[in-house]
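Enquirer: Before anything else, here's the structure in question.
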Amino acid sequence: MTSIAGTIPIVRSAPQESLEHLVDQGPNRFRVHTRAYTDRAIFDAEMDRIFNRTWVFVGLESEVASPGDYKTTFIGLQPVIMTRTDDGRIHVLVNRCVHRGSVLAREARGNACELQCPYHGWLYGMDGTLTAVSERRDPGGYSDAFDAPAGLFRLPRVESYRGFVFASFNAGVAPISEALGRARVLIDRRLDMSPTGHIVLRSKPYIARYQGNWKFILENINDAYHFMHTHKGFVALQARYGDSTGDFGLHKGGSGTAMRAQRFRGNTWDIPGGHAQLERPALDLAQELAGPFGDYYRQLIALRGEEAMLDTAGKISGTIFPNMGMIHQQIRVWRPIAPDLTEVEIYPYELEGAPEAFNAGMLRSQERFYGPSGYGMSDDIDIFARNQQGLAGSAVEWLILERGIDSDEMGPDGLCRGLPSSEAPQRAPWREWQKLMSRA
Ligand code: FES
Ligand SMILES: [Fe+2]
């Protein structure tokens, strides 16, 4: 019987040579080669050296809350299923029948006692164990000599941080808490806005595809520099009408000048492991305490203390390399499909225990900017496709990611703090990319 736990998958088409030369770093220099966004062989190498070796975010524990619950997703190009078994454990299994390869679970999520292959009916337990081969003893079936596999390929490492589940094909990867490092702050601050420390998903995600490379969205979430330019239609409308034209929720942008001023406050972070953050200063506490959610803020102060609450309630967005980000009141997950095709899932969440009107107000402002008919997400997706189009030509080889590089403060532990519109959070994933891609 073949073992159920697999080893790191091999991407046979991936080039074997070191690719570190595609990021050119030096004093006051940081450039990325166009091929890193466009070349199919490099994309295959990314699946091999990044997605098959690091931690990849697969979902929330609450998405598989009960025994038998499952969710399907992807790690790079590999379809996977996250399941919960009767003993409460979470498993991540490759969603591929070991017989002749069909995907087992086709729905985004569900609940089952067992997984049955739709092609010839082989049966698996929710932990991936092969429990039955259909018509095994029929004439022309399998003899005692048949070396039946133990079951589905089960990922050797699955760990959670505060209910966020990560999985890895690499048995030797560092524990998730260590791999996240300061990226934990992103999850902590967003969850600590809930009096109970929990978030709740109320709906399926909003899913969009764009015709561009997966690293564009990774770079974009913490990009304070682009906002006033890419979203200038939104800025102009906001400047003209403010929030006076309807129920736009709690994300009041103010005038164009106020929005610009806000963009240039706070810090950026380049965190070892390829993670990145953009932090804005703490909120105006006196104003919040006097506002409609004063009791909620008083409750948070009582629970966390004033100083910690001010940090928590200040704005933060961030990315966890390679495939997840948090911004506003949403979790964003992306998956590479091809060098020029990426799928994005946006999961708005509610803060458990926060006032209903607060959660509703946050959802309204999500819709206004990120929803299918919102102002912002469509701007960004359009830019990603334009980026890819621009990179199709080969006359110019390098992209420049040097903004703010000479004002970055690099700590001895590799944690780097930048000024608010620095490209430090854009350099962060590329530093990790270079490290991982340099390995043959
Ligand atoms: S491919 Fe799954 S049972 Fe044949
Ligand atoms: Fe944007």
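The values are calculated or read from the model by the stated rules, or taken from the named source; none is laboratory data. In this text, all values refer to a predicted model and were calculated from it rather than measured experimentally. We place every Cβ from the backbone using ideal geometry, glycine too, and count neighbours over all the protein chains shown. SASA here: full protein model, heavy atoms, side chains in, ligands and nucleic acids out. Shrake-Rupley method; radii C 1.70, N 1.55, O 1.52, S 1.80 Å.
Enquirer: What order do you get for 201-210, 345-354 when each peptide is scored by the mean count of other beta carbon atoms within 10 Å, highest first?
Expert: Top of the packing list down: 345-354, 201-210.
Enquirer: For the peptides 327-336, 219-228, what is the packing order when you average, over each peptide's residues, the other Cβ atoms within 10 Å and list the highest mean first? Don't skip to the end; give the middle numbers.
Expert: Working: 327-336: 21.9, 219-228: 20.1.
The densest-packed peptide leads the list: 327-336, 219-228.
Enquirer: What ranking of Met362, Met324 comes out by heavy-atom accessible area, probe 1.4 Å, highest first?
Expert: Met362, Met324
Enquirer: Which value at 222 nm does the chain reach when only helices count, each DSSP H run of 4 or more adding -39,500 (n - 2.57), with the total divided by all residues and rounded to the nearest 500 deg cm²/dmol?
Expert: About -7500 deg cm²/dmol.
Enquirer: Using only alpha carbons, build the gyration tensor for region 74-129 and give me the equivalent ellipsoid semi-axes, biggest first, whole Å.
Expert: The equivalent ellipsoid of region 74-129 has semi-axes of 17, 14, 10 Å.
Enquirer: Using Cα atoms only, what is the angle between the long axis of helix 232-241 and the major principal axis of the chain, expressed in degrees (0 to 90) to the nearest 10?
Expert: Between the helix axis and the principal axis of the chain, the angle is about 50 degrees.
Enquirer: For region 179-187, what does the Karplus curve 6.51 cos²θ - 1.76 cosθ + 1.60, with θ = phi - 60°, yield as ³J(HN,Hα) per residue in whole Hz, taken in order and with x for Gly and Pro?
Expert: 5, 6, x, 5, 4, 4, 4, 4, 5
Enquirer: Follow-up. Between Glu402 and Arg40, what is the FRET efficiency for a Förster distance of 30 Å, r being their Cβ-Cβ separation, to the nearest 0.05?
Expert: Numbers: r = 28 Å, r/R0 = 0.93.
That gives a FRET efficiency of 0.60.
Enquirer: For region 1-111, what is the Kirkwood hydrodynamic radius in Å, using each pair of distinct C-alpha atoms? Write down the numbers at each step before the final one.
Expert: Working: mean 1/r = 0.0604 Å⁻¹.
This gives a value of 16.5 Å.
Enquirer: Under the 0.36 nm per residue contour assumption, what length would be gained going from the current alpha-carbon distance of Ser66 and Gln16 to full extension? Provide the component values of the computation, followed by the final result.
Expert: Numbers: separation 50, 0.36 × 50 = 18.00 nm, distance 4.27 nm.
This chain segment gains 13.7 nm when fully extended.
Enquirer: So if the hydrodynamic radius of the chain is defined as the Kirkwood radius over C-alpha pairs, what does Stokes-Einstein give as its diffusion coefficient at 4 °C and 1.567 mPa s, in µm² per second? Present the calculation step by step, with values, prior to reporting the outcome.
Expert: Values: Rh = 23.4 Å.
Roughly 55 µm²/s, to the nearest whole number.
Enquirer: Tell me the angle of helix 294-304 to the major Cα principal axis of the chain, expressed in degrees between 0 and 90 and rounded to the nearest ten.
Expert: For 294-304 against the chain, the angle is about 60 degrees.
Enquirer: Rank Asp340, Asp48 by accessible area, highest first, at a 1.4 Å probe radius?
Expert: Asp340, Asp48
Enquirer: Here's a follow-up. Between His198 and Lys232, what FRET efficiency follows from the Cβ-Cβ distance if R0 is 30 Å, with the result rounded to 0.05?
Expert: Given R0 = 30 Å and the Cβ-Cβ separation, E is 0.20.
Enquirer: Can you tell me the orientation of helix 356-369 relative to the chain, as the angle in degrees between its alpha-carbon axis and the longest Cα principal axis, to the nearest 10?
Expert: The angle comes out at about 90 degrees.
Enquirer: Expressed as a rounded percentage, what relative contact order does the chain have, with Cα pairs under 8 Å and six or more residues apart?
Expert: The value is 22 percent.
Enquirer: Still on this model: Just reorder Phe153, Phe51 by solvent-accessible area, largest first, 1.4 Å probe, all chains present.
Expert: Descending accessible area places them as Phe153, Phe51.
Enquirer: A further question follows. HN-Hα J couplings of region 339-355 from phi, Karplus 6.51/-1.76/1.60, θ = phi - 60°, integer Hz, Gly and Pro as x?
Expert: The phi angles translate into x, 10, 8, 9, 10, 10, 10, 10, 10, x, 10, 10, 8, 4, x, 7, x Hz.
Enquirer: To the nearest 0.05, what FRET efficiency results for Ala132 and Thr257 with a Förster distance of 56 Å applied to their C-beta separation?
Expert: Result of the calculation: an efficiency of 0.25.
Enquirer: In region 327-344, whose amide N lies under 17 Å from the spot 7 Å out along Cα-to-Cβ of Ala392? List them in ranges.
Expert: Under cut-off, by backbone N: 338-342.
Enquirer: Arrange the peptides 133-143, 107-117 so that the one whose residues have, on average, the most other Cβ atoms within 10 Å appears first.
Expert: 107-117, 133-143
Enquirer: OK, next. Is region 311-440 best put as rounded, prolate or oblate by its Cα gyration tensor, with a ≥ b ≥ c the root eigenvalues, rounded for a/c under 1.5, and otherwise prolate when a/b is larger than b/c, oblate when not?
Expert: On the way: a/c = 2.02, a/b = 1.35, b/c = 1.50.
Judged from the Cα gyration tensor, region 311-440 comes out oblate (a/c at least 1.5, b/c at or above a/b).
Enquirer: Average the reciprocal distances over every distinct pair of alpha-carbons in region 55-172, invert the result, and give the Kirkwood radius in Å.
Expert: Kirkwood hydrodynamic radius for region 55-172: 14.7 Å.
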